[in-house]
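Presented below is the structure to which this report refers.
The values are calculated or read from the model by the stated rules, or taken from the named source; none is laboratory data. Bear in mind the structure is a predicted one, so any value in this text is a computation, not a measurement. Backbone-built Cβ (ideal geometry, glycine too); neighbour counts: all protein chains shown.
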Amino acid sequence: MKRRSLDPETSPDSTELSLCEALLGLKTVGEMRAFLHDLCTPAEIEVMVDRWSVVPYLLEGRSYREIHERTAVSITTIGRVARYLNQGNGGYMAAAARRASELPDPAARSTDV
């Protein structure tokens, strides 16, 4: 965290809530992607992508080693994501559940071409 020498005009909590509201206000994947690329450095985006990429594998119960082999994400990062997935604030689970509910059901697809 960055150290602040002066009292900011707004509290960190209200600024964080404002950021959350801005994220919720975006309507498309393209808008979200543009916002993230404006807000974050390429390294920050890479870290978030790495963390998100291991969530489905953890939810499937895959081993850390297998996840590492499939994604090239470090075992340390996988462990960190697993810890927050199980003991965090529920954000990973909420996003994963929402994502799963929005994906088409593979069983509902016709095999006829």
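At-a-glance table
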| quantity | calculated |
| --- | --- |
| Residues that are of a type in the set (Val, Ile, Thr) and exposed (fewer than 14 other Cβ atoms within 10 Å of the Cβ), drawn from segment 48-98 | 49, 75, 76 |
| Any hit, segment 29-50, residues being touching a helix residue (DSSP H, G or I) at 6+ places or on another chain (Cβ under 6 Å), at pLDDT 95 or above and hydroxyl-bearing (Ser, Thr, Tyr) | no |
| Close pairs from segment 63-84: first under 13 Å from residue 52 (Cα atoms) and at pLDDT 95 or above, partner surrounded by fewer than 18 Cβ atoms within 10 Å (Cβ to Cβ) and among the aromatic types (Phe, Trp, Tyr), Cβ under 9 Å, at least 6 apart | 81/52 |
